[in-house]
1. When B:Ala96 is evaluated against the numbered criteria (1) surrounded by fewer than 23 Cβ atoms within 10 Å (Cβ to Cβ); (2) of a type outside the set (S, T, N, Q); (3) part of a helix (DSSP H, G or I), which criterion, by number, is the only one it fails?
2. Any residue in the range B:110-119 that is of a type in the set (A, V, I, L, M, F, W, C), in a strand (DSSP E or B) and closer than 30 Å to C:Gly33 by Cβ?
3. If you go through the range B:67-91, how many residues are within 14 Å of C:Leu97 (Cα to Cα) and open to solvent by 10 Å² or more (accessible area, probe 1.4 Å)?
4. Taking the criterion of being open to solvent by 10 Å² or more (accessible area, probe 1.4 Å), assigned to a strand (DSSP E or B) and among the basic types (Lys, Arg), would at least one residue in the range B:7-23 satisfy it?
5. Quick check on this structure: which one of C:Leu119, C:Leu111, C:Leu47, C:Leu97 is closer than 22 Å to A:Leu138 by Cα and touching a helix residue (DSSP H, G or I) at 6+ places or on another chain (Cβ under 8 Å)?
6. Restricting to the range A:37-71, give me the number of residues that are touching a Leu at 6+ places or on another chain (Cβ under 6 Å) and farther than 15 Å from A:Tyr120 by Cβ.
7. Can you tell me which condition C:Phe38 does not meet? The list is (1) of a type outside the set (Val, Ile, Thr); (2) surrounded by fewer than 19 Cβ atoms within 10 Å (Cβ to Cβ); (3) within 14 Å of chain B (Cβ to nearest Cβ); (4) touching a residue at least 24 places away in the same chain (Cβ under 8 Å), and all the others hold.
8. Scan the range A:115-131 for residues that are at the interface with another protein chain (Cβ under 7 Å from one of its Cβ atoms) and surrounded by fewer than 18 Cβ atoms within 10 Å (Cβ to Cβ) and report the count.
Amino acid sequence: MHETIALRTSGQGLYEFTRAVQRFLSDMPVRNGLLTLFCQHTSCSLLVQENADPDVQADLKAFFRRLVPPANDPSMSYLEHRTEGPDDMPAHIKAALTQTSLSIPVIEGRLALGTWQGLYLFEHRDAPHTRRVVAHLLEG
Amino acid sequence: MHETIALRTSGQGLYEFTRAVQRFLSDMPVRNGLLTLFCQHTSCSLLVQENADPDVQADLKAFFRRLVPPANDPSMSYLEHRTEGPDDMPAHIKAALTQTSLSIPVIEGRLALGTWQGLYLFEHRDAPHTRRVVAHLLEG
Amino acid sequence: MHETIALRTSGQGLYEFTRAVQRFLSDMPVRNGLLTLFCQHTSCSLLVQENADPDVQADLKAFFRRLVPPANDPSMSYLEHRTEGPDDMPAHIKAALTQTSLSIPVIEGRLALGTWQGLYLFEHRDAPHTRRVVAHLLEG
């Protein structure tokens, strides 16, 4: 039981896709189990984060930009991998600092998320991309 | 097969809960499978870390405080989300830098942890909290 | 269905072990399920990263060395845990910043990795080590 969720992004930042995952889940004949989300890219990543105040998402983006500046920033002059521009290698670093896979229990047909938790794709590239996240459900 | 483990915290730092997970496991009629831990909050997180020398836990807390200072530190003046005080947004950032979910194989009735590995809740808020971690076991 | 994969390392950096995981998978009588990788150490960790350009791996190592310098660097004088030398506590910190476990769907007998994704052990210690990663497969 699996599905590939395609997500359109338009620049760096967090894109919530909780509803897409809930839709996948509601199509499945399973009440209890384990949901796995797997990001098939190395320049974007996954996060569970607060979905109440959009400032949280903006601040996360701002923090990571300061922690890992673009490759044309003087502090990043040591970077060798620059094939696809100044946002290329910083994207791989930000992906390494966050998550590629997430595991979420499913209980009585619902994701066991906390009250304020949402599921996000964290895009680290500037150009628009279509990203693929594999949603996979195990019964049990 | 799941249980919500409640953990009391009293300020930032690492709180080991390996034994609570082992207790959950010992109540289950399963010898082999996969244990998932899922943290239902966005201002604390999960870590597998060394449980031999308490200095490791203190140093981890100190590193993260330097990497993500409180919001009233001049270097963090760009933060917008300040609803709940200077430890609010740094808590979300530290959670993003660590783990929300952990997956641990269960073999012959035991967690497949290495010799020095313990399971920790990493609290990122200053005030006392009761935190919920969902423990979920799949047989197989 | 599980196996412990032993990996020899010789200093800090990324060591790809995608093929070892694929070999484990090809020995299993399972076409669909969930593969979990669990690192049994707290001074090395797991990453899914690009396997096309080796510069990416070198740059990741360089970034993490700058973010978490050795304990004999003046900026790290606050560290208390120094039992095993200047690469000891930084190794625990780098492990906390990356992953201890990874979950990857298995679809039609293959890991659901993206085109450029490889599985890496990220060694954070200077001395040679033999590292153990538990590969665990659940059918479903």
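1. That leaves (1) as the condition not met.
2. Within the range B:110-119, the subset of a type in the set (A, V, I, L, M, F, W, C) is B:111-113, B:116, B:119.
Narrowing the set further to residues that are in a strand (DSSP E or B) leaves B:111, B:119.
Still in the list and also closer than 30 Å to C:Gly33 by Cβ: B:111, B:119.
Checked against the condition, which is being of a type in the set (A, V, I, L, M, F, W, C), in a strand (DSSP E or B) and closer than 30 Å to C:Gly33 by Cβ, the range B:110-119 yields at least one hit.
3. Selection size over the range B:67-91: 1.
4. Yes, some residue in the range B:7-23 is open to solvent by 10 Å² or more (accessible area, probe 1.4 Å), assigned to a strand (DSSP E or B) and among the basic types (Lys, Arg).
5. Numbers: C:Leu119 fails: closer than 22 Å to A:Leu138 by Cα; C:Leu47 fails: closer than 22 Å to A:Leu138 by Cα; C:Leu97 fails: closer than 22 Å to A:Leu138 by Cα.
Checking each option against the conditions leaves just C:Leu111.
6. 1
7. (2)
8. First, pick out the residues of the range A:115-131 that are at the interface with another protein chain (Cβ under 7 Å from one of its Cβ atoms): A:116-117.
Among the residues that remain, those that are also surrounded by fewer than 18 Cβ atoms within 10 Å (Cβ to Cβ) are: A:116.
So the answer is 1.
The values are calculated or read from the model by the stated rules, or taken from the named source; none is laboratory data. Keep in mind it's a predicted model, so treat the numbers as computed, not measured. Positions of Cβ are generated from backbone atoms using ideal geometry, with glycine treated the same way; all protein chains shown enter the neighbour counts. SASA here: full protein model, heavy atoms, side chains in, ligands and nucleic acids out. Shrake-Rupley method; radii C 1.70, N 1.55, O 1.52, S 1.80 Å.
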